[in-house]
1. Condition first: polar (S, T, N, Q) and within 16 Å of the chain's Cα centre (by Cα). Can you find one or more residues in the range 107-117 that meet it?
2. Given the conditions (1) part of a helix (DSSP H, G or I); (2) without any contact (Cβ under 8 Å) to a residue 40 or more places away in the chain; (3) surrounded by 14 or more Cβ atoms within 10 Å (Cβ to Cβ), report the number of the one that Ala166 does not fulfil.
3. Could you please give the count of residues in the range 1-46 that are out of contact with any strand residue (DSSP E or B) (no Cβ under 9 Å at 6 or more places or on another chain), charged (D, E, K, R) and modelled with pLDDT of 50 or more?
4. Output the number of residues of the range 127-151 satisfying the condition of being outside any strand (DSSP E or B) and more than 22 Å from Val101 (Cβ to Cβ).
5. Can you tell me which residue is nearest to Ile88 (Cα to Cα) among those in the range 115-126 that are assigned to a loop (DSSP other than H, G, I, E, B) and not acidic (Asp, Glu)?
6. Looking at (1) within 23 Å of Ala152 (Cα to Cα); (2) of a type outside the set (D, E, K, R); (3) under 15 Å from the mean Cα position of the chain (by Cα), which is the one condition that is false for Pro76?
7. Within the range 146-161, work out how many residues are among the polar types (S, T, N, Q) and at pLDDT 95 or above.
8. Could you please find all residues in the range 83-114 being touching a residue at least 40 places away in the same chain (Cβ under 8 Å), in a helix (DSSP H, G or I) and surrounded by fewer than 17 Cβ atoms within 10 Å (Cβ to Cβ)?
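The values are calculated or read from the model by the stated rules, or taken from the named source; none is laboratory data. What you see is a predicted model, and the numbers here were worked out from it, not measured in a lab. Positions of Cβ are backbone-derived with ideal geometry, glycine not excepted, and every protein chain shown enters the neighbour counts.
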Amino acid sequence: MRSAAIATLLLALPVMATAQDKGTEVKIGGLKATTPADWKKEKPSNLLRSYQFRLPEVKDLPGSEIAVFPESHPNPDKSFPKWKNSFIPPEGKMIDDIAKVSKWDVKGATVTVLDVSGTWKFKERPQDPASKEMLLDNYRVVWVIVAESDEATHIRLSGPATSVDAQIKGFETWIKSLK
């Protein structure tokens, strides 16, 4: 009896590993997409996040993070200026010199992207004046607004620039796979 239970458990292990290797299905408004298998799902660090993922480390640097914020504002003109202001441009440059904006459509939504690299004035709780600001040098943050009619979801990929550089293609592919 005991060996039958162990055999059943052992047979189930490869199936469980395969299920984990498939990634996580993420719902963004009325759309959804499955993450790459190497994105580690984490418990969201605050109530404003519906999903949070840790991406693999690169060259002994911390892995990058993806945070998904539902029920956000759909207008980039309201969000992008404050996100740009969370970066310090290098001497002799303006913020628009280091910020790239792009836009594309996925089925049922418009995706607008702000990509900034440099020194990030990071605050765990950006709207809280008591939240301590940390200066993170050589960071890259990619903010995405997935807008469906009057509602939107904000997605942020952030981390050391080298870590984000290694993950950006997979991140963009994932966003473009939303259906």
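1. Yes, some residue in the range 107-117 is polar (S, T, N, Q) and within 16 Å of the chain's Cα centre (by Cα).
2. (2)
3. Qualifying residue count for the region: 2.
4. Going through the range 127-151 one residue at a time, the tally reaches 6.
5. By that ranking, first place goes to Pro126.
6. (3)
7. Number of matching residues: 2.
8. Result: no residue meets the conditions.
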